[in-house]
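No value in this document is a laboratory result; all are computed from the given coordinates. Because the structure is predicted, anything quoted here is derived from the model rather than measured. Every residue, glycine among them, receives a Cβ derived from its backbone with ideal geometry; neighbour counts consider all protein chains shown.
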Amino acid sequence: MDFVSGLPRTSKGHDTICVVVDRLTKSAHFIAIKTGMLVPKLAEIYVEQIVRLHGIPSSIISDRDPRFTSRFWESLQEALGTKLRMSSAYHPQTDGQSERTIQSLEDLLRSCILEQR
């Protein structure tokens, strides 16, 4: 799991994309969120969009974003039985699938914006 932030704000106020990549199937989910979204709301969206479709994951690899290191998020994952694995600082290769997916998403968004101009 990771985030793409700093995007132009949509009409609904979303300016960040939460990226979730299944390591087995390589399928990706892109969830539009707001930068200041609180962790409980993010957890609710995670359950609605990811757990509902794929079940509870056995582990999650993410960066050390404060949303992923919060006590609420850690407690939720512990209750679900999911192991949280954080990538090493300054070593994004740990979460390589998400990083590669984010690069592809950014390239796609950039080309869409250039076509609209």
- Message: Restricting to region 1-30, count the residues that are in contact with a Leu (Cβ under 9 Å, 6 or more places away or on another chain) and without any contact (Cβ under 8 Å) to a residue 60 or more places away in the chain.
- Response: 5
- Among the residues of region 24-78 satisfying the criterion of being closer than 22 Å to Arg100 by Cα and acidic (Asp, Glu), which is surrounded by the fewest Cβ atoms within 10 Å (Cβ to Cβ)? Asp65
- Single condition Glu99 does not satisfy, out of (1) more than 17 Å from Ser27 (Cα to Cα); (2) charged (D, E, K, R); (3) within 15 Å of the chain's Cα centre (by Cα): (1)
- Among the residues of region 44-60, write down those that are over 15 Å from Ser27 (Cα atoms) and among the β-branched types (Val, Ile, Thr). Ile45, Val47, Ile56
- Report, by residue number, each residue of region 1-18 that is over 19 Å from Ile56 (Cβ atoms) and either under 12 Å from the mean Cα position of the chain (by Cα) or surrounded by 16 or more Cβ atoms within 10 Å (Cβ to Cβ) (or both). Asp2, Phe3, Val4, Ser5, His14, Asp15, Thr16, Ile17
- Subset tally (residues that are over 15 Å from Ser62 (Cβ atoms) and of a type in the set (Phe, Trp, Tyr)) for region 19-47: 1
- Arg85, sole failed condition from (1) in a strand (DSSP E or B); (2) surrounded by 14 or more Cβ atoms within 10 Å (Cβ to Cβ): (2)
